[in-house]
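Presented below is the structure to which this report refers.
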Amino acid sequence: MKKIFLPLLIAFLMVSCGSNDSKLNTGLVNNPASATKGSNQTEPKIEFNTLEHDFGKMIQGEQVSYTYKFKNTGDADLIISAVEKTCGCTDIKFPRKPIEPGGEGGISITYDSKGHKGFQYKRVIVKANTNPSETILKFKALVQTVDNF
């Protein structure tokens, strides 16, 4: 048993210590954001009037809409690449064209309460060329049946 164990241990150590090829080359990591912003760097910044909306009480099956208004307070064009919903009950509309510095826009959501009941808390994720690249918008509602309203 010792005769088999010792050669296996030596082989294992040679394989695991002998090569550095498995290490990640740090040159492959590209982080465009730096700790200090240089004078020639520009970046957009998205500022929402509010990040959360409360629809309050609503009757099951009712559809409600809200627009989250925002402004590009940065110094480069703001590009919203996607807005992801976390529920099939939500419809989203957002600007597909770049928003210039100082420009304003809105992300409209429509919530369909059909098939839902009770307290609902939903999110949509805005992906843009900002730092951080994702902003989470939230909305809530208390969905009641006609009998309980």
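The values are calculated or read from the model by the stated rules, or taken from the named source; none is laboratory data. Everything numeric in this text was worked out from a predicted model, so none of it was measured. Here the Cβ is made from the backbone with ideal geometry for all residues, glycine too, and neighbour counts use every protein chain on show.
Can Glu134 be described as touching a Lys or Arg at 6+ places or on another chain (Cβ under 8 Å), under 16 Å from Glu43 (Cα atoms), modelled with pLDDT of 95 or more and not hydroxyl-bearing (Ser, Thr, Tyr)? Yes, satisfied. The condition (being modelled with pLDDT of 95 or more and either of a type in the set (S, T, N, Q) or more than 16 Å from Lys97 (Cα to Cα) (or both)) is satisfied by just one residue among Ser81, Ser34, Ser22: Ser81. Criterion first (buried (at least 16 other Cβ atoms within 10 Å of the Cβ), touching a residue at least 12 places away in the same chain (Cβ under 8 Å) and not in a strand (DSSP E or B)) does Gly115 satisfy it? Taking the combined requirement at face value, the residue does not satisfy it. Suppose we keep only residues that are of a type in the set (S, T, N, Q) and in contact with an Asp or Glu (Cβ under 7 Å, 6 or more places away or on another chain) within segment 101-129. Which one would you say is farthest from Val83 (Cα to Cα)? For segment 101-129, the residue satisfying everything is Ser113.
The residue that is surrounded by the fewest Cβ atoms within 10 Å (Cβ to Cβ), counting only those in segment 55-106 that are part of a strand (DSSP E or B) and touching a residue at least 60 places away in the same chain (Cβ under 8 Å), is Gly56. Leu142 falls short on exactly one of the conditions (1) in a loop (DSSP other than H, G, I, E, B); (2) surrounded by 13 or more Cβ atoms within 10 Å (Cβ to Cβ), and that condition is (1).
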